[in-house]
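Below: one structure, written as structure tokens.
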Amino acid sequence: MDVKRAVSELLPEVAKRADEVEAGRRLTDDLVSDLRAAGCLRMLVPVEYGGLGLPMPEALRVIEELSTADGSVGWAVGQVGLSQLIIGCGQKEAVDAIYAGGPDVYAAGAVAPKGRATAVDGGWKITGQWPFVTGSPHASWLYLNCVLVSDRAVQLSDAGTPLTRIMLIPADKAQLVDTWHTMGLRGTGSNDMAVSGAFCPASHAVELVEGQPETIRAVNSIAQSSLIIASVAVGVATSALDDAISLATGGKRPSLSATRLAASATFQDRLGEAHTLLRAARALLRDEAAQAWQRSVAGQTSAQDRAGTRAAAAQVTTLAASVVDAAYGLAGGSAVYDTSPVQRRMRDVHTATQHFVAGRNSYATVGALLVGEPIDTGMF
């Protein structure tokens with residue numbers, strides 16, 4: 001299956017449906033069917049389960065391209081990809097069960113440990129409410145991170161940090177809480193999911209024990225997820241700049257000006273700078289994606305590598321947001337209307353920058369490791 005070609009053919013339809021997706025605050029069912037048929041839901045599923053098993057850099061290009069048509073669609077597909085990476089860290093019995101009906105599983109979840117898990121006979125009883133579960137209306141499986149509790153007390157590691165498990169459960173064991181009323185990325189359906197006393201078999205719990213192969217795969221997957229967000233931001237920025245160029249080449253004249261926008265030296269200067277920033281962001285994204293994937297395949301990643309990946313993704317996202325801001329400014333008064341695509345792209349990219357992986361924390365981690373200072377990097 002040539003997913004890149006299929007996505008290229010699907011882009012006009014994705015762009016046409018952007019307003020409908022945003023208004024509905026979720027992907028439409030028929031659009032999910034189209035994405036499934038294009039192979040978007042199986043990109044990172046292992047080949048042995050019928051998936052495409054794409055290298056991460058190739059999957060990121062698909063996500064970037066989808067995001068040029070609609071940031072919400074690119075974000076949603078990217079988060080399905082992250083879900084597939086997390087599922088791949090589970091025990092074989094769980095992975096077999098999840099892909100028993102085929103590889104096109106719409107999975108969703110949350111890495112933040114917002115739930116509690118108590119040991120019971122044969123597994124775990126879990127309770128909690130997890131925010132930002134992208135694709136929650138369409139999900140058939142969930143991964144939900146929980147802290148472990150015994151006698152109402154959180155269990156701690158030898159280092160004093162809470163012990164956690166990522167639980168893999170069918171989505172019908174959770175209740176969707178309609179919380180996704182946001183500035184941007186409105187079409188992602190990133191609602192809360194609540195669970196009250198659901199049972200998760202021991203075989204469906206991903207235990208993150210430092211140094212174990214499953215844990216190494218999990219932390220690598222989570223680190224690379226930051227590149228998924230950066231890819232969305234680059235795709236959104238690409239289209240925002242195209243929007244500004246289309247306005248200028250279409251003959252737009254600023255109010256009270258006899259000069260066409262395209263002929264304005266100020267416009268040309270700002271456009272040229274934004275174009276160069278976008279090239280820099282894309283180059284950094286692709287370079288880091290290639291290096292991170294090579295390290296992951298070789299099994300030779302370190303805390304420095306993972307922090308570097310997150311820092312690169314944060315920088316790419318920041319650069320992309322600045323490009324969108326420039327495009328929004330260049331578009332002038334027409335950009336303030338809800339009908340303006342560049343306005344939606346501005347809201348989308350600034351929602352993306354609020355994600356924790358796009359923050360500055362990773363810079364300090366990189367800096368501390370570079371000078372050999374002790375720092376609690378955590379398993380993530």
Give me a count of the residues in region 24-51 that are touching a residue at least 12 places away in the same chain (Cβ under 8 Å), surrounded by fewer than 20 Cβ atoms within 10 Å (Cβ to Cβ) and hydrophobic (A, V, I, L, M, F, W, C). 1
Give me the pairs, please: first residue somewhere in region 293-308 and within 13 Å of residue 219 (Cβ to Cβ), second residue anywhere and part of a loop (DSSP other than H, G, I, E, B) and not acidic (Asp, Glu), beta-carbon distance under 7 Å, and either six or more positions apart or on two chains. 295/301; 303/377; 307/377
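Here's the yes/no breakdown for (1) on the phi > 0 side of the Ramachandran plot; (2) touching a Leu at 6+ places or on another chain (Cβ under 6 Å):
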residue: 61; (1), (2): no, no
residue: 115; (1), (2): no, yes
residue: 128; (1), (2): yes, no
residue: 131; (1), (2): no, no
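Can you find a residue that is crowded, with 20+ Cβ neighbours inside 10 Å, in contact with a strand residue (DSSP E or B) (Cβ under 8 Å, 6 or more places away or on another chain) and of a type in the set (Gly, Ala, Ser) anywhere in region 163-179?
Yes, that holds for at least one residue.
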Cβ pairs under 8 Å, 6+ apart or interchain, first in region 188-208 and at positive phi, second crowded, with 24+ Cβ neighbours inside 10 Å and in a strand (DSSP E or B), ordered by first then second residue, are 197/126
When region 320-339 is checked residue by residue, the ones that are surrounded by fewer than 19 Cβ atoms within 10 Å (Cβ to Cβ) and either free of Cβ contacts under 8 Å to residues at least 60 places away in the same chain or acidic (Asp, Glu) (or both) are 322, 325, 329, 336, 337, 338, 339
Any hit, region 300-310, residues being among the hydroxyl-bearing types (Ser, Thr, Tyr), outside the structural domain of residue 183 (by TED's automatic domain parsing), crowded, with 20+ Cβ neighbours inside 10 Å and touching a His at 6+ places or on another chain (Cβ under 9 Å): no
For region 52-87, enumerate the residues that are surrounded by 23 or more Cβ atoms within 10 Å (Cβ to Cβ), more than 12 Å from the chain's Cα centre (by Cα) and among the acidic types (Asp, Glu). 70
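Could you tell me whether residue 353 is farther than 29 Å from residue 184 by Cα and surrounded by 14 or more Cβ atoms within 10 Å (Cβ to Cβ)?
Values: farther than 29 Å from residue 184 by Cα: no; surrounded by 14 or more Cβ atoms within 10 Å (Cβ to Cβ): yes.
Against the criterion (farther than 29 Å from residue 184 by Cα and surrounded by 14 or more Cβ atoms within 10 Å (Cβ to Cβ)), residue 353 does not qualify.
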For region 323-380, how many residues are of a type in the set (S, T, N, Q) and assigned to a helix (DSSP H, G or I)? 6
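Listed here are the residues, each with its yes/no results for (1) within 12 Å of residue 327 (Cα to Cα); (2) outside any helix (DSSP H, G or I); (3) at pLDDT 90 or above.
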position: 245; (1), (2), (3): yes, no, yes
position: 262; (1), (2), (3): no, no, no
position: 275; (1), (2), (3): yes, no, yes
position: 288; (1), (2), (3): no, no, yes
Determine the pairs where a residue that is farther than 15 Å from residue 332 by Cα, located within region 255-283, has a partner that is aromatic (Phe, Trp, Tyr) and modelled with pLDDT under 90 with Cβ atoms under 7 Å apart, the partner being 6 or more residues away or on another chain. none
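Consider residue 313 carefully, then state whether it is under 27 Å from residue 219 (Cα atoms), out of contact with any Leu (no Cβ under 9 Å at 6 or more places or on another chain) and not in a loop (DSSP other than H, G, I, E, B). Break it down into steps so the answer makes sense when it comes.
Details: under 27 Å from residue 219 (Cα atoms): yes; out of contact with any Leu (no Cβ under 9 Å at 6 or more places or on another chain): no; not in a loop (DSSP other than H, G, I, E, B): yes.
Judged against the criteria, residue 313 is not a match.
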Within 29 Å of residue 205 (Cβ to Cβ), part of a helix (DSSP H, G or I) and among the acidic types (Asp, Glu) - does that describe any residue in region 85-105? yes
Which of the residues that make up region 322-340 are over 24 Å from residue 227 (Cα atoms) and either of a type outside the set (Phe, Trp, Tyr) or assigned by TED's automatic domain parsing to the domain that holds residue 190 (or both)? 329, 330, 331, 332, 333, 334, 335, 336, 338, 339, 340
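The values are calculated or read from the model by the stated rules, or taken from the named source; none is laboratory data. Note that the structure is a prediction, hence the values are computed from the model and not measured. All Cβ positions, even for glycine, are placed from backbone atoms using ideal geometry, and neighbour counts span all protein chains on display.
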